[in-house]
Amino acid sequence: MRVLLQRVSRAAVTVDGTRVVLLEVKTPEPEALRRYADQLRAAFDARGEPAVIVLASTSSGRLVASRTRAHPPAVDAGAFLRSLAAAFGGSGGGRADLAQGGLRDPGRVRELLERGRDRAFLAAHLSKGT
């Protein structure tokens, strides 16, 4: 987990006061992705920072999106992940604070993460709450 937390500072961008973390991970297990997302969410909640977290498995194409609970940003994790995955032939959905999805082609994970870091994409989704 320490290595994952170190990567967060390099992978995060800030848009309108919300930290957006998009990370590539190697584990194919959805439970591990959710656990990592929960740990990152707890870390941001403890610091009082609104955050959106997207973890993507390069080995399976599985995706998990989460957002802070104590200081929720104006974004629905399910809608955010659905929109992001759809652009790459994937799907996703879930609750406002936790969503899951996947890509048919795990080789497109890096493209998905690059798109997720695009400031125009983020500004549109963070300001609309979708």
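Results, tabulated for the structure shown:
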read-out	value
Subset tally (residues that are in contact (Cβ under 8 Å) with a residue 24 or more places away in the chain and either under 12 Å from the mean Cα position of the chain (by Cα) or part of a loop (DSSP other than H, G, I, E, B) (or both)) for the range 84-97	8
Residues being in contact (Cβ under 8 Å) with a residue 40 or more places away in the chain and in contact with a helix residue (DSSP H, G or I) (Cβ under 9 Å, 6 or more places away or on another chain) - total across the range 98-111	4
Residue 29 being more than 20 Å from residue 10 (Cα to Cα), exposed (fewer than 15 other Cβ atoms within 10 Å of the Cβ) and in contact with a strand residue (DSSP E or B) (Cβ under 9 Å, 6 or more places away or on another chain)	yes
Cβ-Cβ under 7 Å pairs, at least 6 apart or on other chains, the range 38-57 side closer than 12 Å to residue 8 by Cα, far side hydroxyl-bearing (Ser, Thr, Tyr)	41/66; 41/68; 44/68; 51/18; 51/68; 52/18; 53/66; 55/36
All positions within the range 12-26 that are modelled with pLDDT of 90 or more and more than 14 Å from residue 72 (Cα to Cα)	21, 22, 23, 24, 25, 26
Scan of the range 54-74 for residues that are aliphatic (A, V, I, L, M) and touching a Lys or Arg at 6+ places or on another chain (Cβ under 6 Å), ordered by number	64
Residue match in the range 44-63 (condition: part of a strand (DSSP E or B) and of a type in the set (S, T, N, Q))	yes
Odd one out for residue 122, checked against (1) over 19 Å from residue 12 (Cα atoms); (2) in a helix (DSSP H, G or I); (3) under 14 Å from the mean Cα position of the chain (by Cα)	(1)
From the options 88, 80, 44, residue that is aromatic (Phe, Trp, Tyr) and either at pLDDT 95 or above or surrounded by fewer than 24 Cβ atoms within 10 Å (Cβ to Cβ) (or both)	88
One residue from 24, 31 being of a type in the set (D, E, K, R), without any contact (Cβ under 8 Å) to a residue 12 or more places away in the chain and not in a loop (DSSP other than H, G, I, E, B)	31
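The values are calculated or read from the model by the stated rules, or taken from the named source; none is laboratory data. Just so it is clear, the structure is predicted and the values come from calculations on it, not from any experiment. As a convention, Cβ positions derive from the backbone with ideal geometry for all residues, glycine included, and neighbour counts pool all protein chains shown.
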